[in-house]
Amino acid sequence: MKQLDRRQVLAGASAVFGCFSLSASDARTGLRLFLPATGAVGDPTPRTLVVLQLSGGNDGLSTVVPYGDDVYNRSRTATRIDGKDVLRIDGYRGLHPELKKLKSVYDQGQLAIVEGCGYPEPIRSHFRSMEVWHTAQARGRSAGEGWIGKLCDAAYGKESTAEFVVHIGASAPYSVYSVSHPAIAFATPEGYRWVSTDRDDLKAYRASSEKSEGSHDGRAVLDRLRGVLAEAQESSIKIRRAAAGYKPKAEYPQDEFGNSLRAAAAVIDARIGTRVLSVELGGFDSHNNQRNQHDDRMRRLDAGLGAFLEDLRGTSAGDHVVVVAFSEFGRRVKENGSGGTDHGVAAPMFVAGTKVHGGLHGKHPSMTDLKDGDLVHTTDFRSVYGTLIDEWLGVDSSKVLDARYPRLAIV
Amino acid sequence: MSDDRPELKTLRRGYEEGMKPGWMTTLATLGVLVSAAPAQTVQSHPSTWDARAVEHLYNRAGFGARPSEIEAGVAMGKAALVESLVTKRVEVEPFFWERIEIPDPKALRELPADEQREKQREFREKDRRQLLEYTGWWYDRLASGEDPLRERMVLFWHGFFTSSVEDVKRNWLLIQQNQLVRDHALGSYAELLSAMLRDPAMLTYLDNQVNRKGNPNENLARELMELFSLGVGNYTEEDVKEAARALTGRGINRDGEYELHPRQHDDGKKTILGKSGKFDGDDLVAILLKQEACSKWVSKRLIAYFEGVAPTPDRVAAYATFLREHDYQLQPFLKRLFLDPAFYRDEVVGARVQGPVDFMVGLSRRLGVRVPPIVLGGGSALLGQRLFAPPSVKGWEEGEPWITTATLMQRGNLAGFVLGVVKVDDVMSGSDLEVSDAPETPMAPGEPGGMDDGHPMGGDDAKPPAAKPQDAKPPAAKPKDGKGKGGGQQGSQVLKELRRIEASGWVAALNFSARMAKAGARTDAEIADRMVDDLLAIRAPDDTRARMREFLAHEREDAKIAEGKLLDAGGESERILRRLAHLVLSLPEAQLE
């Protein structure tokens, strides 16, 4: 089915398709049967999912540290985090010392840690494993659209607005790829626009979205493209206005990740009907001298995500938001020879928000029953997706995941 | 009519039918009968051989035409132009490339860990850089217009027999594959298919390295049948399994050369598509080529690509027979297609959405300027099509899905960059190329006000680009990204290059005033019409022409220049004309060909 690398770049088709109506009326009814908790298309304050991708393979054992485990302490040297430094959760595990804000979110019961997430027959290639996470299918991209794209199809059928799915950051992940519900993607809200040097140019540019009556080459497609242009201008204004007028209630770090989350909060606060926001923090591929690099990533994660959660807390919009964080894989239990760790398998996922049932979920993977030196997953990550789709968004997860996975008590 | 074809009824099968327009797939996504599909009337269009037909042929068989080429094409006549496009090859200055040795693992192990990493990094850097240079060479070929059909076919095959840098870690293998495609681009599909099954990049990309006797990997066999030869529905799962056995042992050696590992090859009896024998890979190819489905699949993919509309089953059947009769030779096939009146029907002409490569290369062709390949490649990547990195084994989905609210605006911005009216940072600030962790400037407090005054998009135009922090200092050093972000890293490189190009003072060698004067255009209407005709790949509708004329007249009056005297105003007139060009190339019409 679909693939499209433009999804990595600017994701998806567009409302070009908006002008086609369903020819089978029962199909429309069918789509209506399941009105999602996210609300109808026009709902200004729908439940929103923020998907945070930690790219490169985050070392789960350095994020939720099993400091009380002998195997951990023996397997790690340069990357080992001492029990006296971790932010203790219990006698066995603690959060990375830099995750101070997230620890406080955890203590307030608003951070769920799902331990040992992964999938059967794990793949250790960044790209291929990411495909599995993006499509929620073992076959990856060959299986079709991204899971967020499928989610929109399941929830809204053909109805769509440009701001349904928004990716903020370097390149949109395949997870948001969809022909019928294309995501909009931008690195900064300010850059989501047509650049002109003169207001007259802008006026003429806007006017060129007007549909024409006459007959000419490719008229039908041209009319659809004019529709996209009209929508682009509207959307550009909405997004940039949202960002420009936003007054956060927390201080975001001055880095790319902080800016992305600030923009995400602005989009949520603007109530323009966004259902899924996607953001990314890269730099987790820590093959050598991991400690400095990973500490820095944890610091940025904590500062950015901590600010975001603080910003949303106590607002009505905040009660409509759940964040889920994942990485394409964890890392090997045993450290490599250059102070780093190589590609591994299972790792924890984070789910955060005021409506989240915080605490530990799933089961910590065994540190002794390893497969090829890797942790064996205890929870299929699709249980997390499925629970959020069913319970949080109120959409039938089997339509998105092609199967039902055991639910978790995370929301 | 194709509307009734049952295979259009589901998304999966619908897609695999080939490159249908996006809306068809969308309807199919909804599980809805595609009963609303417009009739594919293959009416015989009165074959007038005029500028419109010539430009159409150049748009599809190449990447657009210069006004002079259109004139010459009309004079030449249809048969002669088609003959020339299909058969006339030009000598190309070859690109020098070399196999870059992977560091020897044994020697590597002797070294300290730091040095091991350094050696590997050196290899990757050298390998990556060579591919980047090659990509530049390819873009130069694309934009040269010297051998348009060959370049068009190379791009087609690149999306047909896909391989990606994401999986083929030795990037030079992709250069080798591209050279192979170049050699066969207008030769025989049969030979290309056969060669592809020995191509090291392809064998790597589809995991045939680990397709071994007793432990087969079906990846290559499956895609071979589904995408490279037959299409879904024309083989069984059992055929895939048996075909995989026939392909066992085909791999590459340490130097990255094709090698058949005899001990890994399963030489037992197989049954494939009703034939039984101790088949190997070559036997498999022979069996596939004998299938009617194979000639139909290739015909359908080619026609859909060139016409932008899925062909009717009747037309596919006729072309498929023709293809088989000509031993899968591509030149006769393409000649027939370009001479076919149906190729020039209204449903086809001017109705295909340009892909990113079409857009970037096409605009440089129509402007008639050499745009640095890094701009063409960076722009295409920004718009979603990075050469050597197709999103999946299915290649790129062509047509309307290319256009999103974001890409539509970015296309205009990129045109503006080439024209010199938009700065790199303006264009790139919304792109996947911006990967630095450098702090962004918060929007100035005055801007929200500016946005509310009825010119929301113009609110920040007043801000000189130099005020942006990126201009003042290089992006902060960032930690290495995961490999999943390979695009980002390459993007960062492209961005640097673009900034360098801008800083070096590169400007497109354009002189619209002289161009208009030479064309005899003097009045606002004449100039606007001429610009629209020169810069668009399609015939613009009247309302668009009227708007462009109005814009030009307004700007001329603002500059206090009398009607008919615009071209005499020197720099002032050139600036106005460039803004007009920017506008024209940002139009929805500029996305079509």
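The values are calculated or read from the model by the stated rules, or taken from the named source; none is laboratory data. Here the structure is a predicted model, which means the values were calculated and not measured. Quick reminder, even Gly has a Cβ in these numbers, built from the backbone with ideal geometry, and neighbours come from all protein chains shown.
Miscellaneous remarks
- Among residues of segment B:555-574, those that are farther than 16 Å from B:ALA525 by Cα, part of a helix (DSSP H, G or I) and touching a residue at least 12 places away in the same chain (Cβ under 8 Å), counted: 2
- Within segment B:363-416, the set of residues being β-branched (Val, Ile, Thr) and within 11 Å of chain A (Cβ to nearest Cβ) comprises B:VAL393, B:ILE403, B:THR404, B:THR405, B:THR407.
- Hits in segment B:236-253 (condition: in contact (Cβ under 8 Å) with a residue 40 or more places away in the chain and either surrounded by fewer than 20 Cβ atoms within 10 Å (Cβ to Cβ) or not charged (D, E, K, R) (or both)): B:ALA243, B:LEU247, B:GLY251, B:ILE252
- Count - residues of segment A:93-116 that are farther than 23 Å from A:GLN293 by Cα and hydrophobic (A, V, I, L, M, F, W, C): 4
- Sole exception among (1) at pLDDT below 90; (2) closer than 28 Å to B:GLY350 by Cβ for A:ALA230, by number: (1)
- Residues of segment B:521-552 that turn out to be β-branched (Val, Ile, Thr) and in a loop (DSSP other than H, G, I, E, B), as a count: 2
- Selection over segment A:112-144 of residues that are β-branched (Val, Ile, Thr), farther than 24 Å from B:LYS169 by Cβ and surrounded by fewer than 20 Cβ atoms within 10 Å (Cβ to Cβ) gives a count of 0.
- Subset of segment B:334-378 [surrounded by 24 or more Cβ atoms within 10 Å (Cβ to Cβ) and modelled with pLDDT under 90]: B:GLY378
- Leading residue by the ranking (surrounded by the fewest Cβ atoms within 10 Å (Cβ to Cβ)) among those in segment A:296-323 that are within 11 Å of chain B (Cβ to nearest Cβ) and touching a residue at least 24 places away in the same chain (Cβ under 8 Å): A:ARG300
- Candidate set: segment B:48-105, residues that are of a type in the set (Asp, Glu) and assigned to a loop (DSSP other than H, G, I, E, B); chosen: the one farthest from B:ALA342 (Cα to Cα): B:ASP104
- Conditions (1) within 30 Å of B:ALA351 (Cα to Cα); (2) over 34 Å from the mean Cα position of the chain (by Cα); (3) in contact (Cβ under 8 Å) with a residue 24 or more places away in the chain: number failed by B:GLU550: (3)
- Selection from segment B:392-405 of residues that are in a loop (DSSP other than H, G, I, E, B), over 27 Å from B:ILE501 (Cβ atoms) and of a type outside the set (Lys, Arg): B:SER392, B:VAL393, B:GLY395, B:GLU397, B:GLU398, B:GLY399
- Restricting attention to segment A:295-331, the residues that are part of a loop (DSSP other than H, G, I, E, B) and not small (Gly, Ala, Ser) add up to 4.
- Some residue of segment B:205-212 being part of a loop (DSSP other than H, G, I, E, B) and either farther than 30 Å from A:SER338 by Cβ or of a type in the set (Gly, Ala, Ser) (or both): yes
- Of residues in segment B:284-314 being touching a Leu at 6+ places or on another chain (Cβ under 9 Å) and either free of Cβ contacts under 8 Å to residues at least 24 places away in the same chain or of a type in the set (Val, Ile, Thr) (or both), the one surrounded by the fewest Cβ atoms within 10 Å (Cβ to Cβ): B:LYS290
- Enumeration of residues in segment A:293-320 that are aliphatic (A, V, I, L, M), touching a strand residue (DSSP E or B) at 6+ places or on another chain (Cβ under 8 Å) and more than 22 Å from A:ARG275 (Cβ to Cβ): A:LEU301
- Filter result (part of a strand (DSSP E or B) and hydrophobic (A, V, I, L, M, F, W, C)) within segment A:60-103: A:VAL64, A:VAL65, A:LEU87, A:LEU95
- For segment A:146-252, the helices (runs of 4 or more DSSP H) that sit wholly inside it and include 1 or more residues that are over 22 Å from the mean Cα position of the chain (by Cα) and more than 7 Å from every other protein chain (Cβ to nearest Cβ) are A:199-207, A:219-244.
- Helices (runs of 4 or more DSSP H) wholly inside segment B:216-293 containing at least 2 residues that are more than 14 Å from B:LEU193 (Cα to Cα) and small (Gly, Ala, Ser): B:237-247
- Matching option when the condition is among the small types (Gly, Ala, Ser), farther than 27 Å from B:SER392 by Cβ and out of contact with any Phe, Trp or Tyr (no Cβ under 6 Å at 6 or more places or on another chain), among A:ALA154, A:ALA183, A:ALA207: A:ALA207
- B:ALA75 falls short on exactly one of the conditions (1) modelled with pLDDT of 90 or more; (2) over 30 Å from B:THR135 (Cβ atoms); (3) touching a helix residue (DSSP H, G or I) at 6+ places or on another chain (Cβ under 7 Å); (4) aliphatic (A, V, I, L, M), and that condition is (3).
- Helices (runs of 4 or more DSSP H) completely within segment B:315-387 that count 3 or more residues being free of Cβ contacts under 8 Å to residues at least 60 places away in the same chain and within 27 Å of B:SER299 (Cα to Cα): B:330-339
- So B:LEU419, is it more than 10 Å from chain A (Cβ to nearest Cβ), farther than 18 Å from B:ASN59 by Cα and in contact with a His (Cβ under 7 Å, 6 or more places away or on another chain): yes
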